[in-house]
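Student: The structure's right below; bear with me while I get my questions together.
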Amino acid sequence: MKKKYFTMSAFALIIVAALGITSCGDNKKQAGKDGLTGEISLSGAFALYPLAVQWANDFQVLHPGVTIDVSAGGAGKGITDALAQVVDFGMVSRELGEAEIANGAVGFAVAKDAVVPTINAQNPVLADLQKHGITRNQLIGLFITGKIKTWGEIVGNGNKTAVSVFTRSDACGAAETWALYLGKKQEDLLGTAVFGDPGLAEAVQKDVNSIGLNNIGFAYDIKTGKPHPGLLIAPIDVNENGQIDPEEDFYATKQGVVEAIKDGRYPSPPARDLYFVSKGIPTNPAVVEFLKYILTEGQSANEAQGYIAISQEKLDASLKKLGIKE
């Protein structure tokens with residue numbers, strides 16, 4: 001049975017997310033010169049939250065008569081809110097399930113990022129880990145079967161320090177995507193369960209023997225492009241040859257990971273598309289215009305925020321769903 005672990009900063013973020021507190025604007029606005037007015041609401045994946053806030057702020061500058069509310073809370077909340085039509089869009093960081101699609105869920109791919117294995121910067125076998133990396137099978141031994149217990153088993157140096165494994169307590173795309181990479185589902189992941197990306201990152205920062213999973217947006221500092229203080233990313237030995245080859249050594253900066261996702265050096269999953277999900281095709285003019293903006297000029301914000309733009313083919317497919325030909 002998974003333990004649940006909360007931190008004060010994570011709890012504060014929960015309150016902010018629950019209240020829908022963002023910097024996206026006032027509740028009542030006058031129409032701009034374009035005449036577009038309305039209120040738009042989004043909830044869901046922590047992975048998309050920073051980028052969605054940026055899109056919302058930029059869109060409101062262009063259309064001052066529109067108010068956009070963005071709240072985080074996990075992909076599970078996003079899909080639930082969208083299908084219940086509590087929000088216009090659920091932010092979802094995984095593929096939609098057949099049952100969700102049958103219930104009316106329509107997904108629009110808006111960005112791409114990845115989940116990475118995070119470790120404490122003072123890891124007891126750091127030098128060996130950075131040299132040899134960690135394989136998918138070893139990650140399965142940590143997160144799925146529990147057969148791997150110590151850091152020495154991972155790097156082969158006899159170190160007896162026990163590994164502290166952390167996972168997510170909330171239904172989320174990050175954990176589901178990570179589990180998919182390991183051949184399972186989120187509920188199969190072992191470890192101490194922590195709410196939200198920020199909470200899990202903080203848990204790893206506080207435990208020198210830990211390993212967790214984070215979206216790259218919460219593993220790296222957007223200003224410096226480097227891992228947050230106290231965090232590092234465990235390099236994955238993709239070809240399982242027992243060492244981190246030059247083409248596998250790209251974790252020092254967020255941009256390095258982004259480039260590796262683009263050219264396929266980082267596996268997919270745990271790289272994945274991120275979605276805005278609505279129940280049915282949206283028809284509200286403000287909502288449609290906002291989504292059209294994200295699928296066109298709004299894509300320019302993706303890389304600046306540390307995400308990857310969606311392929312033109314997928315963007316065109318989403319615009320076609322809206323009945324828009326570009």
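The values are calculated or read from the model by the stated rules, or taken from the named source; none is laboratory data. Nothing here was measured: the structure is a model prediction, and the numbers come from that model. Neighbour counts are summed over all protein chains in view; Cβ atoms, including those assigned to glycine, are modelled from backbone coordinates with ideal geometry.
Student: So which pairs qualify, if the first residue must be in the range 73-88 and in a loop (DSSP other than H, G, I, E, B), the second must be of a type outside the set (Gly, Ala, Ser), the Cβ gap must be under 6 Å, and the two must be at least 6 apart or on different chains?
Tutor: Gly74/Asp170; Gly74/Cys172; Gln85/Lys279; Val87/Leu42; Val87/Asp81; Asp88/Ile40; Asp88/Val287
Student: Check Glu259 against each of (1) surrounded by 14 or more Cβ atoms within 10 Å (Cβ to Cβ); (2) farther than 23 Å from Pro50 by Cβ; (3) of a type in the set (Asp, Glu) and name the one condition it does not meet.
Tutor: Result: Glu259 passes all but (2).
Student: Quick check on my filter: what residues within the range 48-78 are in contact with a Lys or Arg (Cβ under 9 Å, 6 or more places away or on another chain) and within 23 Å of Gly173 (Cα to Cα)?
Tutor: Passing the criteria: Ser71, Gly74, Ala75.
Student: Residues of the range 112-128 being farther than 24 Å from Gly199 by Cβ and hydrophobic (A, V, I, L, M, F, W, C), which ones?
Tutor: Val125, Ala127
Student: Restrict the check to the range 277-288 and report whether at least one residue is within 21 Å of the chain's Cα centre (by Cα), in the same structural domain as Ala99 (by TED's automatic domain parsing) and not in a helix (DSSP H, G or I).
Tutor: Yes, the range 277-288 contains a residue that is within 21 Å of the chain's Cα centre (by Cα), in the same structural domain as Ala99 (by TED's automatic domain parsing) and not in a helix (DSSP H, G or I).
Student: Going by the structure shown, is Tyr307 surrounded by 21 or more Cβ atoms within 10 Å (Cβ to Cβ) and outside the structural domain of Glu176 (by TED's automatic domain parsing)?
Tutor: For Tyr307, the condition - surrounded by 21 or more Cβ atoms within 10 Å (Cβ to Cβ) and outside the structural domain of Glu176 (by TED's automatic domain parsing) - is met.
Student: Right, another one. Inside the range 266-311, can you point out the residues that are at pLDDT 95 or above and among the aromatic types (Phe, Trp, Tyr)?
Tutor: Tyr266, Tyr275, Phe276, Phe290, Tyr293, listed by residue number.
Student: Another question, if that's okay. Given the residues Val155, Val115, which is the only one that is modelled with pLDDT of 95 or more, within 20 Å of the chain's Cα centre (by Cα) and either hydroxyl-bearing (Ser, Thr, Tyr) or crowded, with 21+ Cβ neighbours inside 10 Å (or both)?
Tutor: Val115
Student: For the subset of the range 129-177 comprising residues that are among the β-branched types (Val, Ile, Thr) and part of a loop (DSSP other than H, G, I, E, B), which member is farthest from Ile211 (Cα to Cα)?
Tutor: Thr145
Student: Here are some conditions: (1) acidic (Asp, Glu); (2) surrounded by fewer than 20 Cβ atoms within 10 Å (Cβ to Cβ); (3) under 24 Å from Phe276 (Cβ atoms). Glu187 meets all but one. Which one does it not meet?
Tutor: (3)
Student: Condition test on Lys254, is it farther than 27 Å from Gln205 by Cα and in contact with a helix residue (DSSP H, G or I) (Cβ under 7 Å, 6 or more places away or on another chain)?
Tutor: no
Student: Next up: For the range 222-256, give me each residue that is at pLDDT below 95, loosely packed, with under 15 Cβ neighbours inside 10 Å and not polar (S, T, N, Q).
Tutor: Correct list: Ile222, Lys223.
Student: Out of all the residues in the range 267-288, is one or more touching a residue at least 24 places away in the same chain (Cβ under 8 Å), of a type in the set (Phe, Trp, Tyr) and under 30 Å from Gly156 (Cβ atoms)?
Tutor: No, that holds for no residue.
Student: Related question: Sort out which residues of the range 196-214 are under 22 Å from Ser43 (Cα atoms) and either surrounded by fewer than 24 Cβ atoms within 10 Å (Cβ to Cβ) or at pLDDT below 95 (or both), and write them in order of number.
Tutor: Listed by number, the residues that qualify are Gly196, Asp197, Pro198.
Student: Scan the range 103-126 and give yes if some residue there is part of a helix (DSSP H, G or I), of a type in the set (Gly, Ala, Ser) and over 20 Å from Val257 (Cβ atoms), otherwise no.
Tutor: No, that holds for no residue.
Student: Hey, another quick one. What about Tyr251, is it of a type in the set (Ser, Thr, Tyr) and assigned by TED's automatic domain parsing to the domain that holds Ala174?
Tutor: Spelling it out, Tyr251 is indeed of a type in the set (Ser, Thr, Tyr) and assigned by TED's automatic domain parsing to the domain that holds Ala174.
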